[in-house]
Amino acid sequence: IASSVVGIDLFEHIRNMMYTTVPAWILTVILFWMFSGQTTSADLSQVTILQGQLIDSGLVHGYSVLPFVILVGLALFRVNAIYTIICTIAAALIITYVHSSPSFGQLGGYLFAGYAPAESLELGEVGGMLSRGGVQSMFFTQAIVILALSLGGLLTALGILPALLSGIKDTLTTSGRAIFAAAMSALSINVLIGEQYLSILLSGTAFRSTFERLHLHPKNLSRTIEDAGTVINPLVPWSVCGVFISQALGVPVLDYLPYAFFCYLSLL
């Protein structure tokens, strides 16, 4: 999203992101290592049980990794992202059909309601994990996305957000000020609306002309709004990412927020 908003190549954007994400990742690993304390021998019996249940499910095969291989291969050849996603989904559907020969109705059911293992298999916790997925499980998150985008559209149509952003554009006379303002804009929209894509779209559109005026390459803008928009969204309890992560992990946002070092460090 960030690369398309400012008009640069996706892979150029990814390479430029490494200047912030790699140091942030290394520092995050160091911090987690420091906070982990003394390590002791762990009981891996539960892992062995989960491994056995996965094998019993009949879903673990070497060719299961083929869609991922296709994804990486098409990405390396810089194939359009939409075509890459379509090819990956098609490969996964073909493998599913060859492996278990489901009817088209069952395939549609997998896409809508998710996969459900046979009741005769006693898969324990693994059965619960495999039963997740499908469009049906995303309805609540999708509702949050729609509401967030609706609020953002309303604030934009009423001229509130454009007025706030345009009010500071005349004071941006240096590179430092422009980058800081773009980052704070993306962060503020995340907190106000709770939608990461909207924070990228609005900030990227508003500050693109400013970066051009200051002779800053657009990749600097895309990296800034990515570091201050995408990774900050999981830290907002009412955001799309915050709601999804807290539901998936069963951990409230405010509980994991102090330990989300990567999110803070990417912004810094």
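The values are calculated or read from the model by the stated rules, or taken from the named source; none is laboratory data. As the structure is a computational prediction, the values presented were derived from the model and not from experiment. Glycine also receives a Cβ, built like all others from the backbone with ideal geometry; neighbour counts cover every protein chain displayed.
Each residue in the stretch 172-216 was checked for being at positive phi and of a type in the set (S, T, N, Q), and 0 of them qualify. Scanning the stretch 217-257 for residues that are more than 17 Å from Ala24 (Cα to Cα), in contact (Cβ under 8 Å) with a residue 60 or more places away in the chain and of a type in the set (D, E, K, R) returns a single hit, Lys219. Going by the conditions given, is Leu192 within 16 Å of the chain's Cα centre (by Cα), at pLDDT below 90 and within 26 Å of Ala157 (Cβ to Cβ)? Here the answer is no, as Leu192 does not meet what is asked.
Answer with yes or no whether Thr230 is closer than 17 Å to Ser175 by Cβ and of a type in the set (Val, Ile, Thr). Give the derivation first.
Values: closer than 17 Å to Ser175 by Cβ: no; of a type in the set (Val, Ile, Thr): yes.
Considered against the rule, which asks whether it is closer than 17 Å to Ser175 by Cβ and of a type in the set (Val, Ile, Thr), Thr230 comes out as no.
The numbered conditions (1) exposed (fewer than 14 other Cβ atoms within 10 Å of the Cβ); (2) closer than 30 Å to Ile55 by Cα are all true for Leu76 except (2).
How many residues does the stretch 107-161 contain that are hydroxyl-bearing (Ser, Thr, Tyr) and not in a loop (DSSP other than H, G, I, E, B)? Steps first, answer last, please.
Kept after step one, since they are hydroxyl-bearing (Ser, Thr, Tyr), are these residues of the stretch 107-161: 110, 115, 120, 131, 137, 141, 150, 156.
Imposing the further condition that a residue be not in a loop (DSSP other than H, G, I, E, B) reduces the set to 110, 137, 141, 150, 156.
Residues in the stretch 107-161 being hydroxyl-bearing (Ser, Thr, Tyr) and not in a loop (DSSP other than H, G, I, E, B): 5 in total.
Scanning the stretch 199-213 for residues that are surrounded by 24 or more Cβ atoms within 10 Å (Cβ to Cβ) and either among the β-branched types (Val, Ile, Thr) or farther than 15 Å from Leu164 by Cα (or both) turns up just one, Ile200. For the criterion of being assigned by TED's automatic domain parsing to the domain that holds Val236 and either surrounded by 18 or more Cβ atoms within 10 Å (Cβ to Cβ) or modelled with pLDDT of 80 or more (or both), Thr156 fails.
Hey, can you tell me all the residues within the stretch 162-178 that are loosely packed, with under 12 Cβ neighbours inside 10 Å and either modelled with pLDDT under 85 or part of a helix (DSSP H, G or I) (or both)?
Ala163, Ser166, Gly167, Asp170, Thr171, Thr173, Gly176
At least 3 residues being within 29 Å of Gln196 (Cβ to Cβ) and modelled with pLDDT of 90 or more is the threshold, and among the helices (runs of 4 or more DSSP H) wholly inside the stretch 1-106 those reaching it are 10-36, 66-76, 81-100. Determine, yes or no, whether Gly134 is more than 23 Å from Ser203 (Cβ to Cβ), surrounded by 15 or more Cβ atoms within 10 Å (Cβ to Cβ) and under 22 Å from the mean Cα position of the chain (by Cα). Against the criterion (more than 23 Å from Ser203 (Cβ to Cβ), surrounded by 15 or more Cβ atoms within 10 Å (Cβ to Cβ) and under 22 Å from the mean Cα position of the chain (by Cα)), Gly134 qualifies. Filtered by the rule that a residue be of a type outside the set (S, T, N, Q) and out of contact with any His (no Cβ under 8 Å at 6 or more places or on another chain), the stretch 212-225 gives Glu212, Arg213, Leu214, His215, Leu216, His217, Pro218, Leu221, Ile225.
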